[in-house]
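One structure below.
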Amino acid sequence: MALARRAISPGSIDGAIGFQTRAAIAVFQQTENLPATGVLDTNTRVRLTLDAPLLTTYIVTTNDLAHLQPLGKSWLAKSQQSALDYETELELVAEKSHSHPELIQRFNPDVNWTNIAPGTVLKIPEVNYPVPADKAAFVVIHLDGKFLEAFGLETNLLAHFPCSIAARVEKRPVGELHVVVVAPNPNYTFDPELFPESPEAQQSSQKLVLPPGPNNPVGVVWIGLDKTGYGIHGTPSPELVGRTESHGCFRLANWDAAYLMQLVWVGMPVLVQP
């Protein structure tokens, strides 16, 4: 939580220390001129402090529940929905708190998630990234480490986020790219030619336009780059970021993509390193 509040993301918060948490600890240690071991030693603990309580309350609203809808099982079904919104209240509050759904369930053991009522009071982690004072100067994507970082004009770190990269090495661009478009709440065009592993795609040549929403394949943000078909975007499965691989784009948790959108600008350099 202390790392996340500094926009140094340990990934989807789940209450366990894994490789993404250790990477985030190492980044924090670098910012504090400590040995970047990734281990939460005494010196790191002294500096990695919390200035507010860990948890806050969230009250389930009728508006929350009105927007929930099941996610279609096929590309065609998804294209016919009014929105690709959250399926459950659990998914909604987990994203609001940058958390794994299982952690939210642990904090709320008596909640009936299958029939939750308006007015239900939930305990959730309180994570708020710092309000950006200015735009970033550039972004660096580390393919080997599977993380993305944004820096200011003085090369000061503004954000560190886990990132999924292309499964195939030949689809991992190395070098300098640039932002060409920033699109909040984008729709998504499903092209069967790009999904040869999909049985549905094999049986159809029709392109489909999927509506916006957090469960859209590119999540809530599309940051297009000057290499055709490549971009930085969100995902409907934030807990899998950095643990699974993409078709070619750079995939972030929705909350990280939304924060990055506030930092980037058209023309901004994006440096992709091996």
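Bear in mind that the values in this text are calculations on the coordinates, not laboratory data. Here the structure is a predicted model, which means the values were calculated and not measured. Note that we place each Cβ from the backbone using ideal geometry, even for glycine, and neighbour counts take in every protein chain shown.
Quick notes on this structure:
- Chain lengthening between Asn115 and Ala36 when straightened (0.36 nm per residue, less Cα-Cα): 23.8 nm
- Net length available on complete extension from Glu193 to Lys73 is 41.3 nm, with 0.36 nm assigned per residue and the Cα-Cα distance removed.
- Under the criterion of Cα pairs below 8 Å and six or more residues apart, the relative contact order for segment 4-47 equals 27 percent.
- Three-way shape call for the chain based on the alpha-carbon gyration tensor, with the a/c threshold at 1.5: oblate
- Computed about the Cα centre, the dipole magnitude for the chain is approximately 220 debye when only Lys and Arg (+1) and Asp and Glu (-1) carry charge, each at its Cβ.
- Centre-to-centre, using Cα atoms only, segment 84-146 and segment 169-245 are separated by 21 Å.
- Remark: segment 136-257 carries a charge dipole of roughly 80 debye about the Cα centre, counting +1 on each Lys and Arg Cβ and -1 on each Asp and Glu Cβ.
- Segment 1-126 shape via C-alpha gyration tensor axes, a/c threshold 1.5: prolate
- Percent RCO, i.e. relative contact order, over segment 55-125, from Cα pairs under 8 Å lying at least 6 residues apart: 48 percent
- Which of Ala258, Ile124, Val270, positive extreme of dipole for the chain (C-beta unit charges): Val270
- Cα gyration tensor shape of segment 4-47, rounded if a/c is under 1.5, else prolate or oblate by comparing a/b with b/c: prolate
- Largest first and in whole Å, the equivalent-ellipsoid semi-axes of segment 55-125 read 24, 13, 10, each the square root of five times a Cα gyration tensor eigenvalue.
- 20 Å Cα-Cα threshold exceeded, pairs from Lys73/Lys207; Lys171/Lys227; Lys73/Lys171; Lys96/Lys123: Lys73/Lys171
- Range in the chain, longest, excluding exposed GluC sites (Glu not before Pro) [loop by DSSP; at most 11 other beta-carbon atoms within 10 Å]: 1-153
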